[in-house]
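A.B. asks: Below is the structure I would like to discuss, written out as structure tokens.
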Amino acid sequence: MQFLKKDKVGPTTKARGDAGEDEALAYLQERGLRLLQRNYRTPGRGGGEIDLIMEATDGTVVFVEVRRRSRTDFGGAAASIGHQKQRRIIFAARHYLLQWRQLPPARFDVVSIEAHGPQWLQGAFDAG
């Protein structure tokens, strides 16, 4: 049954995703944002996950979805964040903000890692 084995060539999807998050984190930190938390997950099944939670210099909490795509077909990385994914991110953000005594200003950004480098889309979607 040796023929059924697949040889893995190159990094795994998880490794590529982690590398994309590392690149996005460095990019945002160079622009003055401070990391609050990475890979925040809500407890239980069916919740949400946020790749990076950052704080802008004005105190805004920035929930960042990082996407990496090798091709730009169908709109590239940013276009791959559909309504259902946005709902999960918003759910996780609301859960995260429960720990704050006073709600800070917040927004949802996307950093897409494209062939030519990171693209930062501020206010990519809202919770409304």
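The values are calculated or read from the model by the stated rules, or taken from the named source; none is laboratory data. These numbers come from a predicted model, not from an experiment. We place every Cβ from the backbone using ideal geometry, glycine too, and count neighbours over all the protein chains shown.
A.B. asks: Scan the stretch 94-128 for residues that are of a type outside the set (Lys, Arg) and in contact with a Gly (Cβ under 8 Å, 6 or more places away or on another chain) and report the count.
C.D. replies: 8
A.B. asks: Here's a follow-up. Checking the structure you have, find out if any residue of the stretch 79-99 is part of a strand (DSSP E or B), over 13 Å from the mean Cα position of the chain (by Cα) and modelled with pLDDT of 90 or more.
C.D. replies: Within the stretch 79-99, the subset part of a strand (DSSP E or B) is none.
No; the residues of the stretch 79-99 include none that is part of a strand (DSSP E or B), over 13 Å from the mean Cα position of the chain (by Cα) and modelled with pLDDT of 90 or more.
A.B. asks: Of all residues being surrounded by 15 or more Cβ atoms within 10 Å (Cβ to Cβ) and of a type in the set (S, T, N, Q) in the stretch 100-128, which is nearest to the chain's Cα centre (by Cα)? Just the residue, please.
C.D. replies: Just the residues of the stretch 100-128 that are surrounded by 15 or more Cβ atoms within 10 Å (Cβ to Cβ), to begin with: 106-114, 118-121, 124-125.
From what is left, the residues that are of a type in the set (S, T, N, Q) are 112, 119.
On the way: SER112: 9, GLN119: 12 Å.
If we take residues in the stretch 100-128 being surrounded by 15 or more Cβ atoms within 10 Å (Cβ to Cβ) and of a type in the set (S, T, N, Q), then SER112 is nearest to the chain's Cα centre (by Cα).
A.B. asks: Of the conditions (1) over 19 Å from ILE90 (Cβ atoms); (2) among the hydrophobic types (A, V, I, L, M, F, W, C); (3) touching a residue at least 40 places away in the same chain (Cβ under 8 Å), ILE53 clears all except one; give me its number.
C.D. replies: Among (1) over 19 Å from ILE90 (Cβ atoms); (2) among the hydrophobic types (A, V, I, L, M, F, W, C); (3) touching a residue at least 40 places away in the same chain (Cβ under 8 Å), ILE53 violates only (1).
A.B. asks: Of everything in the stretch 28-50, what is closer than 19 Å to LEU121 by Cβ, touching a strand residue (DSSP E or B) at 6+ places or on another chain (Cβ under 7 Å) and part of a loop (DSSP other than H, G, I, E, B)? Give them in sequence order.
C.D. replies: The answer is LEU33, and nothing else.
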